[in-house]
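A short write-up of the structure that comes next.
The values are calculated or read from the model by the stated rules, or taken from the named source; none is laboratory data. What you are looking at is a predicted structure, and each value in this text was computed from that prediction instead of being measured. As a convention, Cβ positions derive from the backbone with ideal geometry for all residues, glycine included, and neighbour counts pool all protein chains shown.
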Amino acid sequence: MMQELDLLLINPGAREQVYGKLSSSLSGIEPPLWCGLIAGFIREKGYTIKIIDAEAENLSPEETARKISEHNPLLAAIIVLGSNPSAASTPKMTSAGETLTALKKISPQIKTLLGGLHPSALPERTLMEEDVDFVCQGEGFYTILQLLDLLKDEEKPREYNINGLWYIKDNRVVSNPPAPPIKNLDELPFAAWDILHMDKYRAHNWHCFDHIDERGHYAVIYTSLGCPFKCNYCNIHALYGKPGIRFRSPEKVIEEIDFLVKNYNIQNIKILDELFVLKEDRVMRICDLIIQRGYKLNIWAYARVDTVNENLMKKMKQAGINWVAFGIESASKNVREGVTKRFSQDTIKKAIEITRAADVYIMGNFIFGLPDDNLDTMQETLDMAKELNLEYINFYTAMAYPGSQLYYEALQKEIKLPEQWHGYSQYGEETLPMPTKYLSAAEVLRFRDNAFKEYLSNPDYLEIIGEKFGSKVVEHIKEMLKHEIHRKFA
């Protein structure tokens, strides 16, 4: 078959494995931004690019492999990195591996690569375990570009001396030094939105409580890459190499928002930054640029409880940042400090007050099963969440995601980890969280699932939801609670 396509980027499909029954209508379907970013960068260098978004198209691994085979690209790169990097990378590895195995059976001649957060955290293991030719460690922009340059050369190279690339030669693993991250993010072109399925993406249900039937016209963007903090449960630094943050200029950010609004009528936006609310003057500038244009956007972003203030929150609300997600994690100071999350109870309450005063809705992120958790501290966390009565919550279980400090501690202590990668998902049947010093994994998982039902069925919660969003959203939440999550290990 004649080769007309240089690079085929694949977002593996794993909606049912990761979300269970919630995948059909409740979970968001988010654009694979890293596929889009890499596509935009490589295309600018003159290569032909396509993207298969198996998640948006709800393709099985076998169906995805057949599609890859039909395209017959020079390089098929599966990027295992979702729009919630920590929680949405490792669980996709099962599907990614099955896709590669199916592809090898029907088109063994196609060169394959795995990239993203999980492969960056475990490059050697990924290379040894999966039916793949190359593993990319790090962001991948220059690594994939240089690999394409070599593959295009008719004289096949004996060595792939490319930073960030791992491969096997003569039955031994060959590793190259890590590739340096791109310093100036403004040099990156926009994501290749024109080759994504922009009609298939939808926001999370809570993001659109103001307009629950209008979850489409959705996009995700970065305004920065990386994070300066070092929380033990987070593995994001495996992708970037070390703690730190790089910023896009506000002007470049608004240029992409302009593009999305004008070309795709985007109304709902998730700012994907690990921590958007960090530098006040920069956030203010981005908000001012949005306000100047008069856009009526519905945006959400991440913040820490110790990085917000009244003026900033008011400005964010003016710009259409209607939701802020705070990582509160635990009500116990001791539990938080055990994973290097350091702020006081007063700081939490003050941030909630400031945010509410600006009429911004709050998504509270909490984690059950951190190393120092016991039944009392987890109950304190649930009680705090109910007392705060936030517009929505994510109740996670602590996972030893590969690349995180918790993962290395789990290996040292020989703690039982999920046998399959999709066991790292939060909502699947195979979910297996970390045990704590005092509780089994099953006890943590049962507590989390019961806490979720208790919070969302709480009359005080349903009352504020009815007041703010109307009876239709109350019924939506009640319907959501009917979706039982089946757990193998609870």
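Condition check ((1) touching a helix residue (DSSP H, G or I) at 6+ places or on another chain (Cβ under 9 Å); (2) within 23 Å of ALA192 (Cβ to Cβ); (3) surrounded by fewer than 21 Cβ atoms within 10 Å (Cβ to Cβ)) across all residues:
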residue: ALA54; (1), (2), (3): yes, yes, no
residue: GLU57; (1), (2), (3): yes, yes, yes
residue: PRO73; (1), (2), (3): no, yes, no
residue: ILE79; (1), (2), (3): yes, yes, no
residue: THR90; (1), (2), (3): yes, no, no
residue: GLY97; (1), (2), (3): yes, no, no
residue: ALA102; (1), (2), (3): yes, no, yes
residue: SER107; (1), (2), (3): yes, no, yes
residue: ASP131; (1), (2), (3): yes, no, yes
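Filtering region 415-452 down to residues that are assigned to a loop (DSSP other than H, G, I, E, B) and of a type in the set (Val, Ile, Thr), which residue is nearest to the chain's Cα centre (by Cα)?
THR431
Using beta carbons and a limit of 7 Å, which pairs, at least six apart or on different chains, have the first residue in region 379-394 and assigned by TED's automatic domain parsing to the domain that holds VAL360 and among the aliphatic types (A, V, I, L, M) and the second one in a loop (DSSP other than H, G, I, E, B) and buried (at least 20 other Cβ atoms within 10 Å of the Cβ)?
Short answer, once both residue conditions are applied: MET384/ALA331.
Condition test on ASP186, is it touching a Lys or Arg at 6+ places or on another chain (Cβ under 6 Å) and either among the acidic types (Asp, Glu) or surrounded by 14 or more Cβ atoms within 10 Å (Cβ to Cβ) (or both)? Please lay out each step first, then the result.
Values: touching a Lys or Arg at 6+ places or on another chain (Cβ under 6 Å): yes; either among the acidic types (Asp, Glu) or surrounded by 14 or more Cβ atoms within 10 Å (Cβ to Cβ) (or both): yes.
Yes: the conditions hold for ASP186.
For the list (1) of a type in the set (S, T, N, Q); (2) part of a helix (DSSP H, G or I); (3) out of contact with any helix residue (DSSP H, G or I) (no Cβ under 7 Å at 6 or more places or on another chain), I need the number of the one condition that ASN394 fails.
(2)
If you take the residues of region 440-451 that are of a type outside the set (Gly, Ala, Ser) and surrounded by fewer than 21 Cβ atoms within 10 Å (Cβ to Cβ), which of them is farthest from TYR401 (Cα to Cα)? Don't jump to the end; show me each part of the working.
Of the residues in region 440-451, the ones of a type outside the set (Gly, Ala, Ser) are 443-450.
With the extra rule that they be surrounded by fewer than 21 Cβ atoms within 10 Å (Cβ to Cβ), the set shrinks to 443, 446, 449-450.
Numbers: GLU443: 19, ARG446: 20, ASP449: 20, ASN450: 23 Å.
It comes out as ASN450.
Residue under question is TYR218, and the condition is that it be under 23 Å from ILE38 (Cα atoms) and crowded, with 22+ Cβ neighbours inside 10 Å; does it hold?
yes
Can you list the strands (runs of 3 or more DSSP E) found entirely within region 238-343 that contain at least 1 residues being crowded, with 22+ Cβ neighbours inside 10 Å and without any contact (Cβ under 8 Å) to a residue 40 or more places away in the chain?
Of the strands (runs of 3 or more DSSP E) lying wholly inside region 238-343, those with at least 1 residues that are crowded, with 22+ Cβ neighbours inside 10 Å and without any contact (Cβ under 8 Å) to a residue 40 or more places away in the chain span 298-303, 321-329.
Please identify the pairs in which a residue from region 211-223 that is β-branched (Val, Ile, Thr) has its Cβ atom under 6 Å from the Cβ atom of a residue that is assigned to a loop (DSSP other than H, G, I, E, B), counting only partners at least 6 apart or on another chain.
VAL220/GLU30; VAL220/PRO31; VAL220/SER83; VAL220/LEU272; THR223/ARG248; THR223/ASP273
Is it the case that some residue within region 322-344 is out of contact with any Gly (no Cβ under 8 Å at 6 or more places or on another chain), over 30 Å from ASP449 (Cα atoms) and not small (Gly, Ala, Ser)?
no
Name, by its number, the condition in (1) under 19 Å from PHE41 (Cα atoms); (2) in contact with a Pro (Cβ under 9 Å, 6 or more places away or on another chain); (3) not charged (D, E, K, R) that does not hold for TYR201.
(1)
Take the conditions under 30 Å from PRO123 (Cβ atoms), touching a Gly at 6+ places or on another chain (Cβ under 7 Å), of a type outside the set (S, T, N, Q) and crowded, with 20+ Cβ neighbours inside 10 Å and apply them to MET434. Does it pass?
Answer is yes for this residue.
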